[in-house]
Structure formats: C-alpha cells, structure tokens
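Every read-out reported here was derived from the displayed coordinates using simple, explicitly stated rules and does not represent laboratory data. Keep in mind the model is a prediction, meaning the values are calculated, not measured. Cβ placement follows ideal geometry from the backbone for every residue including glycine, while neighbour counts extend to all protein chains displayed.
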Amino acid sequence: MAESDVQVKEQRIGVDGRPILLHIENLRVWFELRRFGFGIVGHVRAVDGVSFDLHKGEAIAVVGESGCGKSSLMRTILGLYMPTEGHVEFDGQKISEMGRAGLRWYRSQVGYVQQDPYGALPPFMSVQRILEEPLIIGGVKSKQERLARIRKVLEEVKMYPVEDFLPKFPHMLSGGQQQRVVIARAMIMEPKLIVADEPVSMLDASVRVEILKLLRGLQESHNLSFIYITHDLSTVKYFSERIFVMYAGNLVEKGPIGAILKNPLHPYTFALMAATSDPDARNAETYKEVPPGEPPSLVKPPAGCRFHPRCPRIIPGKCDVEVPPEFEPEPNHQVQCWLYQ
Amino acid sequence: MSANREKLLRVEDLVLHFRTTVGTVQAVDGINFDLDYNRAVVILGESGCGKSSLAKAILRLLPRNVGAYSGKVYLGGSDVMALSDEEFRQNVRWVGISMVPQAAMNSLNPVIRVGDQVAEPAMIHMGVKKEEAMKLARQMFEHVGVPEDFLVRYPFELSGGMRQRAAIAMALVTAPNLIILDEPTSALDLLTQANIFNVLKRIKKELGTSFILITHDIATSSELADEVAVMYAGQIVETGEAKDFFPAPLHPYAQMLMASVPRLRADQDPEFITGQPPSLINLPPSCRFAPRCPKRRDRCEQDPPIIEKDGRKVKCWLYA
C-alpha cells in the first residue's frame, strides 16, 4: 500500500554505471548541548560534512573508533535522526521529505543488525513472535504467509531444524544463534539495504567468522547493499568492496579495499593499520607506533584538520589552520589530507 | 623439585567447581602450569571455557556456591593454598599477585579521587603512610602514562583508556611479582588498545613483572605473550612457547582457533569451528573436544593424557 504512494524519482547512476541506492550529500548531524535545559551552549558535531554514494548490491565498511560519529551516521541512514544539514537520498528520494507513510515504507527497505544481540532481542518474546512482529507491522495479513516467510528466513540464516527454534526465547540461544535471529529479523522484510553495527564484536572469535560469512553470503545471494560499521580492520577485507575511514565526524579516506590496505594515504588510516595485530610471536618484541592523545571533542573540534594534534606528519601553518578538502591522488581513492595537495 | 621451586608460580591440579541447581559446573578441572619471573603467559579460550574462573581460583576470589576447590598453588616456592583466608589476604592478594579484573575501568569507585584509589592498596597492604602511598601512586601513573594531575580527578573525568591505565596502576602500586589481567582491552578502541599493550610491555621490561593475560583475542594477545596456554572446557589442552605456538599450534582445537583469526596482512580466508563448546555440567569421559574434532579417532573416547613433544605439552591422542 505504502509502496504505491511513493514515486521513484530519477535514478542516480554511479561513475562505473552501477545504479546508486543511497546518496549522501554533505550530511551534518549536530546535537544541541543545553545548559540546565535552557539555552543552547553548543553543538556536538557528530557527523560533520559526510558525502558518499552506495551502489546497488555493494558492500561498504565504515571504520572508526568509538565517538567518531559512525553510529550517528548509521542512525541517520536508518531514519532515526534527521539531518541538521545536507541530505540522505534513498532510491532517489530524500528521507527528510518522505513523510510518515514514506518513512514506514523506507524502514521496511532497510534492515538493521545490532551490535549486542542479547540486548536487541526482547527477552519475553519467542523467536517466532520476534520475527512475526515486523510482518504484522508491514501489513502481511495472512498468518500462513507470515509463518512461511519466518520459516524461509530462518533457513536462510541456517537455523535448522526451524521448528526447534520457533518457540525458543532469546536466553535459550547461544550468542551466535541470537545474532542469527537478529539477522533474520533484519532480512524478513526483504530489504534492499542492511546496516550492520559491529555485528560480531560481542561474539567469540570462532563464531565471528561464521556470522561474517553468513552475512556475506546473504549479501551476495540477495544482491543487497550493505553498510558494515566496525573498528576492526582485519575483518573488513572479507566483507566489503570499499572502506570509508571516519575520524571526528568526517570521512577522512575513501577507497577500494585493496587500495587502502596496500597503500593507506591518510596518517590516521596508517595508524589504525599499524595498531591492528596479526597473531605473531614477534609482536611481543616491539612497541607499536601509536599516535599520542585521544580523539578530539566533537563540541569544539580543533581548527584545520581534526587529526593534526595527533598527526606525525603535520605540516605546521597548514594543517592546523585550514580544513583539508578532498584530494584524489589515485582514481576512486579520496583522502582529506594536505599531504596529497 | 628444587628447580621447580625457583619458579614464580606453579599451579598443580587446580580444581574449582560450582554448585548450581542443575548440577556441578566444572569450570576449572585439573589445571597444571607454571610461570617464571618476568614472563607473560596468555590463557586463550572461548567464553565459558573457565578462563576467568581460573584467575579467581588462583586468587581465591570465590563465590558462595563453590562445590570443590582443591589443588596446589605455589608462589615463589611456598604453598599458598595452605594459608588461611586471612593470611592469604595479607600475604598474597596485592602483595604477591594483583589483578586487573574484566572491565576494570568501570570498577573504579565514582566518588573517590583516582589517586586515592590507586594509593589505597599500598596503604593497606604495605602499611605505608598516605603521603608515601601517594608518591608511589604518582610513580605508577608515570609508568602507565597517565598525566600526574589526573591523581586528583574523579573517574568520570577520565576517558576509558585512562581509567584502564589507572586500574593497571592500582595493580602495580604494591609492586607484585605477578599481575593477572582479565580481558584488559576488550572494551577499548583500537589505538587505545595498542597503547595499553605498549604500557604493559614497558612495565614488563622496566619492572620485571610477570603477567597472566586472560583473553579470547588471539591477535592482540601475541603482543605480550612469551608462553601460551589454550583452555577448552575447563582444562588446558596445549601449552608452549609463543614462538612455537603461533606459527604451528599442535592441538586440533588450537589449530582451528588460529585458523579462525582474520588477518590484516595475509590473504588467508578465516575458517570457523563448527558446533558449540560443551556445557561444563556433565562432561563426557572422552576427550572434551572430540565431538567437534575433525581428526577424532576411536581412541578419543578415552580422556587423552598430557603428552610432551619438543618441550611443548598437548592433551591429544594424535601425539601419543
């Protein structure tokens, strides 16, 4: 019903001719800081000028530390926060102009895989009830059809025999199984886009790979667009085609996975890679090169490049004064850093 | 025997079982290992394998539902299991062994200044005066890289990484020979994590402290490990030097665990371990990994002995 209300406007096409599903332009999400509830004393600039295109069927990873604004970016894409400036366009429509019916349709098009599966599942609902809820809200009237779709999606997340799992409550499942239910819930409305926020960080090492492979398989078989939000660089290459590195509200480096892992351009990306360990006994003999300090406050970010106070390759008089624009030193690989002017 | 007495820590047949309404949980079930001065051992294992219970058993931090608690723990040659609870508190906890518990950064008292909290163990366990203890706390802050003026701040004024460093400073202030770290960086960001491991390496080098690092994060554990012990279902299934273990683990479980680690610098596709670890209630008499093991044979129906191979120990019939 809702679908017919929405007319799809002109389709954006990406540089390589693939249609674009999600177009984000100069997005800012600021939160007001109030003192004692009165008067705005400042803004938390959680997302501050983010632009990118996500193609249909493409998987991307947003990599950054906590507090860099990646969760605010994700919540804006999910339609939970509204942009302060700029816009998010899904299939040619701005989500800020969708209205209630449009948003309801939009939310059925976007699935969300939460970080903590136990916290994301209502403890008083059975697996069947958890998966039925979105279908009821989405207007699937026939009980038979709902059950059929629940069975299908549970098979897709490899929870069989399905009948055994339907009456179970979340606390009766292992962490990996809980995360499968969360994925099944995200998939049940047959969305075009899945946003996964650290989907494996709460799971054990051996289960992590299983869940990542499952997500990758679903992404490929359903031709889904996928946004994978993580701080773990070692998992992204198994998962996505492009990486966006986020620091203090900005995407400081964007590019294909191979290019970034082989040749990281931004000093922050470089630091992230240096800090990521592979299991190797020689690690114990050396110290890591880690930039000093902590990520800046998003209320009063530093002037110029936001990484300059921690940057080992700072150009004095340039980096601490002027905000670096986006440079493109190699095709499809952009970086916000004065080193590449 | 006398050579063994030289070791900093020797754990023999350590058992810690919990009583529950559904049965006895065999969380720590006959653990043997030792650790020398100025060495770090990593206890690796999935959640629920009993690795945190092992730390509690060593430090005698027991809950109320203990079903069985036995074995020997020698610290610097003397049997600390023979001590009374009060003697243990006075002579072992903090003095000989201190611990940085899981999520230590959230376990600081919110209404006491960080410096006072760090100084407290020194006042209680070393009997030093307040000024002296604060001096020690200041020194420890320097070791872990926390600015001195943070001594008078409250925990909420510090970032997660800084609070974690303060918790490590607190474990250090009594100058113990051994620190047990339970998942010291699991809640922290990547760069902060790398920073903390730099701090731990420096402490080990400068103060000669030994560490027991309990974690499921294999990749970062290699930052500190001299030795590795892999735990599965309440037992240690493999021990060895880190330089031997990381390139080529012996036990099938350890091999699969290593194969499950995603790597940044290698193009190897990670594999997952099928099945679930067993419940620690009603464990089978067979090898505990046998139901998930791709290399299982008939012999695996019996509990395998610990087999020594080139200075490494592995609990698996493959090497018998």
Pairwise label distance in nanometres, residue B:126 with residue A:133, each label 7 Å out on the Cα-Cβ vector: 5.3 nm
Radius of gyration and maximum dimension Dmax of chain B, Cα, Å: 20.2, 66
Centroid-to-centroid separation of region A:35-65 and region A:258-300 [C-alpha atoms, Å]: 22 Å
Residue order, fewest to most beta carbons within 10 Å, for B:293, A:319: B:293, A:319
Alpha carbon centroid spacing (whole Å) that separates region B:37-107 from region B:141-218: 19 Å
Inter-label distance, nm, simple model (7 Å from Cα along the C-beta direction), residue B:152/residue A:36: 2.7 nm
Share antiparallel - DSSP beta bridges, the protein assembly as shown, percent rounded to 5: 60 percent
Where labels lie 7 Å past Cα in the beta-carbon direction, separation of residue A:66 and residue B:299 in nm: 4.8 nm
Expected 222 nm ellipticity per residue - DSSP helices of 4 or more, -39500 (n - 2.57), all of chain B, to 500: -8500 deg cm²/dmol
Paramagnetic reach from residue A:174 (point 7 Å along Cα→Cβ, amide N under 17 Å) across region A:213-239: A:213-215
For a label point 7 Å along the Cα-to-beta-carbon line of residue B:116, residues of region B:143-161 with backbone N under 19 Å: B:148-158
Residues B:99, A:125, sorted so that the one with the fewest Cβ neighbours within 10 Å comes first: A:125, B:99
Nearest-ten-degree value, helix A:205-221 long axis tilted from longest Cα axis of chain A: 80 degrees
Per-selection Kirkwood Rh - region A:37-178 (Cα, Å, 1 d.p.): 18.1 Å
0 to 90° range, to nearest 10: angle between helix B:114-126 axis and chain B longest Cα axis: 80 degrees
In region B:42-116, trypsin sites (Lys or Arg not before Pro) in a DSSP loop with at most 15 other beta-carbon atoms within 10 Å: B:64
Rounded FRET efficiency, nearest 0.05, which uses the C-beta distance separating residue B:175 from residue B:87 and R0 of 30 Å: 0.95
Unit charges at the beta carbon, dipole of region B:122-177: most positive-side option, B:168, B:124, B:147: B:124
Beta bridges per DSSP with both ends in chain A, % antiparallel, nearest 5: 65 percent
Using alpha carbons only: equivalent-ellipsoid semi-axes of the protein assembly as shown, gyration tensor based, whole Å: 44, 33, 23
Helix A:99-109 axis, angle to chain A major axis (alpha carbon atoms, nearest 10°): 80 degrees
Volume in Å³ per residue [convex hull over Cα atoms, computed for region B:241-320]: 113 Å³
Cleavage-rule hits, chymotrypsin sites (Phe, Trp or Tyr not before Pro), region A:118-197, DSSP coil, Cβ neighbours within 10 Å at most 13: A:124
Nearest-0.05 FRET efficiency for residue A:158 and residue B:248, computed from C-beta distance (R0 41 Å): 0.85
Simple Cβ-charge dipole of chain B, Lys/Arg +1 and Asp/Glu -1, about Cα centre, in debye nearest 20: 200 debye
Qualifying chymotrypsin sites (Phe, Trp or Tyr not before Pro) in region A:12-69, DSSP loop, other Cβ atoms within 10 Å at most 15: A:36
Cα radius of gyration and Dmax for region A:247-341 (Å): 14.4, 43
Over 31 Å between alpha carbons, listed pairs A:94/A:254; A:158/B:56; A:94/A:318: A:158/B:56; A:94/A:318
